[in-house]
Amino acid sequence: MSAEIISVGTELLMGNIVNTNAQYISQRLADLGIDCFLQTTVGDNHDRLVEAVHRGLERSDIIILTGGLGPTADDLTKETVADAFNRKLVLDEPSLVYIKQRFAKMRHIMTPNNIKQAMFPENCIILPNPNGTAPGCIVEDGTKAAILMPGPPNEMVPMFEASVLPYLEKRSGYMLKSKMLRIFGKGESSVEYQLKDLMQQQTNPTIAPYALNGEMKLRVTARCKDGEDADKIMAPIIEEVKKRIGEYIYSEDGLELHEEVARLISASGMTIAVAESCTGGMLCSKFVSVPGSSNWFKEGCVTYSNEAKMNRLGVKKETLAEYGAVSAQTAIEMAEGIRRTAMADIGISTTGYAGPDGGTGDKPVGTVFIGVAAKDKSFYKELYLTGKRERIRNMACLNALDILRRNIF
């Protein structure tokens with residue numbers, strides 16, 4: 001079975017948006033054993049889109065289109081595909097009701113042109129879009145099919161996983177199962193180098209690396225038929241990956257680092273409190289984003305000034321005078337202070353130079369100290385981070401979480 005990807009949008013041709021959709025879809029097609037020999041990017045132009053659709057249907061069994069499902073006049077994907085399959089566009093009442101409800105929930109006025117998003121080629125399969133106002137659809141004619149999805153990745157990816165993947169599994173005769181290994185503390189190039197031979201030799205299962213903001217993940221995917229055990233297929237390759245980089249893998253279930261640390265804290269029965277300077281509440285925010293965090297997260301405070309560090313946390317004036325606010329000594333006293341005043345089992349602190357200003361010759365911008373205080377020990381870690389202010393703050397948070405994961409639980 002062969003498929004072709006058609007990405008629709010002038011903004012893609014102009015370079016205003018990076019086409020991550022095509023990369024994602026092509027990887028998932030490969031997982032299923034579906035050949036993808038051609039990818040096309042076409043602007044919001046009727047004639048060129050018509051040509052791309054007709055040629056795609058001549059060459060391939062399935063064409064997968066992303067973009068062009070919006071309410072404006074230059075959103076032409078459904079109209080073009082309907083013409084190619086000689087279908088009329090008809091109103092789908094359930095989709096219209098959903099779109100109206102979504103606008104009402106957002107407290108936005110729905111203009112008449114949004115009704116266009118509820119129009120579909122007759123007799124198509126409609127794909128729900130819980131993340132936007134543009135449902136997708138699948139149009140079939142014999143052995144040929146066109147799959148239409150919205151352009152924004154935060155809408156396209158969930159739609160693909162929930163609706164398109166089961167459809168393709170049924171057509172291809174294969175099913176996919178994936179495990180997501182999340183990694184922190186080792187760069188993408190280093191991980192790929194250590195797993196290079198596995199990735200070059202991969203057939204089934206496959207390994208797909210994804211770079212994230214300061215960390216990365218590996219998706220291991222097994223392709224199997226009914227009756228085959230996907231976990232058994234994946235197990236040897238996962239074990240080999242763990243042998244090589246196991247200490248950097250913090251989750252095999254796709255949990256983010258703060259979610260994994262939250263799970264560990266909750267399971268331990270301990271409580272934690274946070275004192276932040278350079279991260280300015282970012283670490284607290286990660287903790288409270290986890291449902292049930294009130295059971296183990298005691299308190300968080302942002303002590304940005306020296307006065308706040310002294311008055312709120314009990315950091316000694318002499319410590320600040322001799323070592324400075326950005327120091328191992330201050331970080332430890334901040335952690336001990338928040339642990340003591342919040343009556344928590346664990347205290348953790350961040351202090352550093354996030355930039356773009358500040359820093360010294362010995363402690364340039366990007367210098368961050370993480371302090372940890374527990375019942376039987378207090379310690380710190382010194383970091384030298386790079387990048388702009390927000391990256392430094394985010395990396396400080398991720399490192400703080402990783403320190404907890406490695407040293408407390």
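The listed peptides 390-397, 212-219, 183-190, 11-18, ordered by packing as a protection proxy, come out as 390-397, 212-219, 183-190, 11-18 (highest mean of other Cβ atoms within 10 Å first). Within straight-line reach of residue 179, meaning a Cα separation under 16 Å, sit the following lysines at least 8 residues removed in sequence or on another chain: 217, 232, 242. Cα convex hull, the chain: 184 Å³ per residue, rounded to a whole number. Pairs over the 26 Å Cα-Cα cut-off, from the set 78/100; 317/363; 100/144: 100/144.
In the full protein context, the stretch 58-149 carries 48 Å² of accessible surface per residue, based on a 1.4 Å probe and ignoring ligands, DNA and RNA. Per-residue extension of 0.36 nm, minus the Cα-Cα distance of residue 235 and residue 360, leaves a gain of 40.1 nm for this segment. Most simply put, the chain has about 60% antiparallel DSSP beta bridges, counting only bridges with both residues inside it.
When the alpha carbon gyration tensor of the stretch 1-42 is reduced to an equivalent ellipsoid, the three semi-axes, largest first, read 22, 10, 5 Å. Between residue 141 and residue 119, how high is the FRET efficiency from 1/(1 + (r/R0)^6) when r is the Cβ-Cβ distance and R₀ = 22 Å? Nearest 0.05. After rounding to 0.05, the efficiency reads 0.70. Working from label points 7 Å from Cα in the Cα-to-Cβ sense, the residue 225 to residue 288 distance is 5.5 nm. Converting phi to 3J(HN,Hα) with the Karplus coefficients 6.51, -1.76 and 1.60 and the offset θ = phi - 60°, the stretch 391-403 yields 5, 4, 5, 5, 5, 4, 5, 4, 5, 4, 5, 5, 4 Hz in sequence order, with x at every glycine or proline. Just to confirm my numbers, what's the Cα centroid distance between the stretch 265-338 and the stretch 354-409 in Å? So the separation of the two Cα centres works out to 12 Å.
Considering only beta bridges that DSSP places wholly inside the stretch 50-195, some 70 percent are antiparallel. For residue 40, nonlocal amide neighbours, meaning residues 5 or more places apart or on other chains whose placed amide H falls under 5 Å from its own, are 5, 6, 7. The length gained on full extension between residue 180 and residue 41, counted as 0.36 nm times the residue separation minus their Cα-Cα distance, comes to 47.1 nm. Calculated mean residue ellipticity at 222 nm for the chain: -12000 deg cm²/dmol, from DSSP H runs with n ≥ 4 weighted as -39500 (n - 2.57), summed, divided by the residue count and rounded to 500. Computed over protein heavy atoms with a 1.4 Å probe, the accessible surface of the stretch 266-398 works out to 47 Å² per residue.
Remind me, relative contact order of the stretch 273-409 in percent, using alpha carbon pairs under 8 angstrom and six or more residues apart? Taking the mean separation of contacting Cα pairs over the length of the stretch 273-409, I get 23 percent.
Sort out for me the Cα centre separation of the stretch 52-79 from the stretch 189-225, rounded to whole Å. Distance between centres, Cα-based: 31 Å. When a 1.4 Å probe is rolled over the protein heavy atoms, the share of accessible surface on the stretch 14-162 that falls to carbon and sulfur comes to 54 percent.
Label zone of residue 18 (point 7 Å out along Cα→Cβ, amide N under 20 Å): in the stretch 47-84 this covers 66-67.
For the stretch 259-270, the Karplus equation 6.51 cos²θ - 1.76 cosθ + 1.60, evaluated at θ = phi - 60°, returns couplings of 5, 5, 5, 4, 4, 5, 4, 4, 5, 6, x, 8 Hz by residue, with Gly and Pro reported as x. Between the residues 154, 189, 353, the greatest Cα displacement towards the positive end of the dipole of the chain, with unit charges on the Cβ of Lys, Arg, Asp and Glu, is found for 353. A simple spin-label model places pseudo-atoms 7 Å from Cα toward Cβ; at residue 244 and residue 27 they are separated by 1.7 nm.
Here the stretch 276-297 is scanned for amide nitrogen atoms under 18 Å from the site 7 Å beyond the Cα of residue 321 along Cα-to-Cβ, giving none. Here the Karplus curve 6.51 cos²θ - 1.76 cosθ + 1.60, taken at θ = phi - 60°, turns the phi angles of the stretch 139-149 into couplings of 10, 10, 8, x, 8, 9, 8, 10, 10, 10, 9 Hz, with x standing for Gly and Pro. Surface listing: 1, 343, 159 arranged by accessible area from highest to lowest gives 343, 1, 159, probe 1.4 Å. Treating only the Cα positions of the stretch 1-147 as identical point scatterers, give the base-10 log of I(q)/I(0) from the Debye formula at each q in 0.19 Å⁻¹. With one equal scatterer per Cα and no solvent, log10 I(q)/I(0) is -1.21.
The values are calculated or read from the model by the stated rules, or taken from the named source; none is laboratory data. It should be emphasised that the depicted structure is a prediction, and the values quoted were computed from it without experimental measurement. Note that we place each Cβ from the backbone using ideal geometry, even for glycine, and neighbour counts take in every protein chain shown. We work out accessible area using only protein heavy atoms, side chains counted, and drop any ligands, DNA or RNA first. Shrake-Rupley method; radii C 1.70, N 1.55, O 1.52, S 1.80 Å.
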